[in-house]
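Working notes, beginning with the structure itself.
The values are calculated or read from the model by the stated rules, or taken from the named source; none is laboratory data. Bear in mind the structure is a predicted one, so any value in this text is a computation, not a measurement. Cβ coordinates were reconstructed from backbone atoms using ideal geometry, including for glycine residues, and neighbour counts include every protein chain displayed. Surface areas here come from the heavy atoms of the whole protein model, side chains and all, with no ligands, DNA or RNA. Shrake-Rupley method; radii C 1.70, N 1.55, O 1.52, S 1.80 Å.
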Amino acid sequence: MSLTVMTLLQQFVLLLAALALFLSFVLLAQPRLVAAIHVFAWQGALVAAVTFTVALAGDASHLYFSALLTLGLKALLIPWMLHRLARRLELERHTETLARPTLVIMAAVVLVIFSYWVVVPMVAQGLAFTRNIIAVSLAVVLIGLLMMVFRQQAVAQVLGFMSMENGLFLAAVSATAGMPLVVELGVAFDVLVAMVLFGVFFFQIRESIDSLDVDRLNRLTETVEVEEGGG
Amino acid sequence: MLSAWLIALLQALLCAALAPLLVGWLRKVKARLQNRRGASVLQPYADLRKLLFKETRVAHTASPLFRIAPYIVFVATWLASATVPLVALDLPTAQIADIIVLVGLLALARFFLALAGMDVGTAFGGMGASREMMISALAEPALLMAVFTLAMTAHSTSLVSVMQHHLADGFLLRPSYLFAFGALILVAVAECGRIPVDNPSTHLELTMIHEAMVLEYTGRHLALMEWAAQLKLLLYGVLVVNVFFPWGLAGDFGPVALGLGLVAVVLKLGVLAVVLAVGETVLAKMRLFRVPAFLNLALLLGLLGLLSHVILEVGT
């Protein structure tokens, strides 16, 4: 469906989805932890706004509840929990040095093109006006995955995981006008439990290796000692 | 046909006449924001007049290129600004030169500006030239990405077609236009040497870029260089306001339409200058080595504009 035949509300949905994709890029390249948490909160708010606008434009009243749930969980509760964790782990001023940020951004651009290429045959099947968003949501999922691969800091990896969940939710809203309420509540609860477990893990990791740099988990303590002895 | 060319000529003259006014207004707003009264809005005209009548001195080591460069820079920038529809839409100048030519003319001006900076052989000139080339090498791809986004929407690289297409579509929320708008703003700030990238109102040795290149110029040469810089700011301003907000541009050459077009473009540029002044007051100048990251953001926005046009806006 071309943009010129859409109503203003439907165009607004596309605009919000494009902004959510842009925030994925910002999240990927944001070295400051607290700023990244804020970006994640904004992305959650945008996904909630997309859900709300789809509900308005498509008369799908059950989506109002999903929008409310997303807003409360993704834009408020989880960012607040992450922020509290960052404060308790004394990571508020933590700045990660990113290796080759430009290259990673370009890889993310390639992922966007790839997800468009994957989605093209599906788009030909014909869906509602939201079908164009499926490629965007797939790209958000893949960029979240890229962030988990590329970041070394454990909290940033969790942010990547959570933004993947944002992408999945966006895909569900755009492809099928939302999941059944039971599934949605289940997923929301899962994400919340995952968040709590991540919090416990952060403390465990820090206690055992005295840092949240996950790359250091790859090294065995013995090897380090041998290297030090040899050097 | 003759009257169309006449209006095109008048519009080019108007560009040159309005450029110092835009800078004067920008300085005035900035001064008010900093609790100063500031100089008169017409001060840049007085400065230009003073420089034009002053004696022109040239360094012993300067080659002929040093003397020619101000004229080339000024004429190339002026020609570039003449190709952008300022008041009226359907002009013959815009038919013979599209956006790619515009980018090329600006590149020509920049090339001679950098050569002139290096010509005398002072340390500052060379430093300024190398910095300018670094910034422009990064800004140009971003600018072209933004331009291609616009061109893909209108199926044409002509600025007039882009604006006509936009006017014919009416009010649409295009994600690609939003991204291209962001990219163009960032590029304009970098190319015109405004505050997050370069500070136009200082001659601080370690940070200046544009001022370092024109340090050796005096008299009418300096006047032309300054005027060209003002024209460039006007050009980018007109590009931003008339491509993204083309409402008010005169469709025909009647006196009423032209008058309305003039009032509309002056108002739009005035508002843009206020936004720019607020931005310059709020932001601090960034380190030179942060500029590549800044321009990478512009390139990313341009790329996202292209992609979101293909993904979201083209229906099958």
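Per-residue answers, yes or no, for (1) touching a residue at least 12 places away in the same chain (Cβ under 8 Å); (2) more than 14 Å from every other protein chain (Cβ to nearest Cβ); (3) open to solvent by less than 40 Å² (accessible area, probe 1.4 Å):
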| residue | (1), (2), (3) |
| --- | --- |
| B:Met152 | yes, no, no |
| B:Ser158 | yes, yes, yes |
| B:Ala168 | no, no, no |
| B:Val187 | yes, yes, yes |
| B:Val214 | yes, yes, yes |
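For the residues A:Leu77, A:Leu71, the requirement of being open to solvent by 30 Å² or more (accessible area, probe 1.4 Å), assigned to a helix (DSSP H, G or I), of a type outside the set (Ser, Thr, Tyr) and over 22 Å from A:Met148 (Cβ atoms) singles out A:Leu71. The single residue among B:Ser63, B:Ser40 that is among the small types (Gly, Ala, Ser), at negative phi, free of Cβ contacts under 8 Å to residues at least 60 places away in the same chain and open to solvent by 60 Å² or more (accessible area, probe 1.4 Å) turns out to be B:Ser40. B:Gly121 meets the conditions (1) over 15 Å from the mean Cα position of the chain (by Cα); (2) surrounded by fewer than 22 Cβ atoms within 10 Å (Cβ to Cβ); (3) assigned to a helix (DSSP H, G or I) in every case but one. The failed one is (3). Against the conditions (1) farther than 16 Å from A:Val39 by Cβ; (2) more than 14 Å from the chain's Cα centre (by Cα), A:Gln153 satisfies every one except (1). Taken over the range A:83-112, the residue count meeting the criterion of being buried (at least 16 other Cβ atoms within 10 Å of the Cβ), part of a helix (DSSP H, G or I) and either at pLDDT below 85 or facing chain B (nearest Cβ under 10 Å) (or both) is 5. For the range B:259-316, residues that are over 28 Å from B:Trp25 (Cβ atoms), more than 13 Å from chain A (Cβ to nearest Cβ) and touching a Phe, Trp or Tyr at 6+ places or on another chain (Cβ under 8 Å) total 0. Given the conditions (1) surrounded by fewer than 22 Cβ atoms within 10 Å (Cβ to Cβ); (2) within 14 Å of chain B (Cβ to nearest Cβ); (3) among the small types (Gly, Ala, Ser), which single one is not true for A:Ala135? Among (1) surrounded by fewer than 22 Cβ atoms within 10 Å (Cβ to Cβ); (2) within 14 Å of chain B (Cβ to nearest Cβ); (3) among the small types (Gly, Ala, Ser), A:Ala135 violates only (1). The residue list A:Val155, A:Val149, A:Val226, A:Val173 contains one member that is surrounded by fewer than 18 Cβ atoms within 10 Å (Cβ to Cβ), in a helix (DSSP H, G or I) and at pLDDT below 90, which is A:Val226.
Taking the criterion of being surrounded by fewer than 21 Cβ atoms within 10 Å (Cβ to Cβ), among the small types (Gly, Ala, Ser) and in a loop (DSSP other than H, G, I, E, B), would at least one residue in the range B:258-268 satisfy it? Within the range B:258-268 (the criterion being surrounded by fewer than 21 Cβ atoms within 10 Å (Cβ to Cβ), among the small types (Gly, Ala, Ser) and in a loop (DSSP other than H, G, I, E, B)), the answer is no, since none of the residues qualifies. Of the residues B:Thr281, B:Thr202, only one is outside any helix (DSSP H, G or I), closer than 30 Å to B:Ala114 by Cα and open to solvent by 10 Å² or more (accessible area, probe 1.4 Å); which? B:Thr202 is the lone residue from the list that is outside any helix (DSSP H, G or I), closer than 30 Å to B:Ala114 by Cα and open to solvent by 10 Å² or more (accessible area, probe 1.4 Å). When the residues of the range B:293-316 are filtered to those that are open to solvent by 20 Å² or more (accessible area, probe 1.4 Å) and more than 16 Å from A:Val26 (Cα to Cα), the one that is modelled with the lowest pLDDT is B:Thr316.
Looking at the range A:55-63, can you tell me whether even one residue there is within 26 Å of A:Val193 (Cα to Cα) and not acidic (Asp, Glu)? Yes; the residues of the range A:55-63 include at least one that is within 26 Å of A:Val193 (Cα to Cα) and not acidic (Asp, Glu). Suppose the filter is farther than 30 Å from B:Ala168 by Cβ, crowded, with 16+ Cβ neighbours inside 10 Å and in contact (Cβ under 8 Å) with a residue 60 or more places away in the chain; does B:Leu91 pass it? Criteria not met by B:Leu91. When you check A:Thr95 against the structure, is it touching a strand residue (DSSP E or B) at 6+ places or on another chain (Cβ under 7 Å) and farther than 17 Å from B:Leu301 by Cα, yes or no? Yes; evaluated as a whole, the condition is true for this residue. Within the range A:4-53, can you find the residues that are open to solvent by less than 10 Å² (accessible area, probe 1.4 Å), farther than 16 Å from A:Leu73 by Cβ, of a type outside the set (Gly, Ala, Ser) and more than 14 Å from every other protein chain (Cβ to nearest Cβ)? Within the range A:4-53, A:Leu33 is the sole residue that qualifies.
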